[in-house]
Amino acid sequence: MRSSSTVAGRGASVVAGALLALAGPAVAQSQAAMNAQAGTAYKAADAAMTAQWQRTYAAMKRRDAADTSRGGGFGYAAATLASQRAWLAFRDRQCVIEGGEFVGGSMQPMARLQCAARLTKERTAQLKGLMWQR
């Protein structure tokens, strides 16, 4: 007689095997195809960030224009522009470093592009967070 834990363990194994069979075989991809996919993901992230940047920067300009305090206001737009320029330089250099793990190899472009996509998505969220109401 088998113990219930052995039967339960085998049942889970059968279910896991069935799920893997339903998923189908893994599709092999060339490194060039993976690099291209990473490039496409980065372009999409960059387009989303650019759209958010335009909204955020316009809001900062409106915020400055609405501030009639002495000295012409806080300078939200100038600070936001300086921040974005510094962030772009950071992203580009950071991703060179991350891609450097695979320097000279076919994975280097993919690693750099994946880094750029990840950081760009994070920056898009940061820019969206600056859309607070005052």
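Read-outs throughout are calculated quantities, based only on the coordinates presented, and are distinct from any laboratory measurement. Keep in mind the model is a prediction, meaning the values are calculated, not measured. Note that we place each Cβ from the backbone using ideal geometry, even for glycine, and neighbour counts take in every protein chain shown.
In summary, the aspartates and glutamates within cross-link reach of Lys43, defined as a Cα separation below 19 angstrom excluding same-chain residues under 8 places away, comprise Asp92, Glu98, Glu122. A crude spin-label estimate for the pair Ala51 and Leu130, with each label 7 Å from Cα along the Cβ direction, gives 1.9 nm.
Exactly which chymotrypsin sites (Phe, Trp or Tyr not before Pro) in the range 58-109 are in a DSSP loop and have at most 16 other Cβ atoms within 10 Å? Present the calculation step by step, with values, prior to reporting the outcome.
Details: sites: Phe74, Tyr76, Trp87, Phe90, Phe102; in loops: Phe74.
Sparse-neighbourhood loop chymotrypsin sites (Phe, Trp or Tyr not before Pro): Phe74.
Convex hull volume of the Cα atoms of the range 31-97, normalised per residue: 59 Å³.
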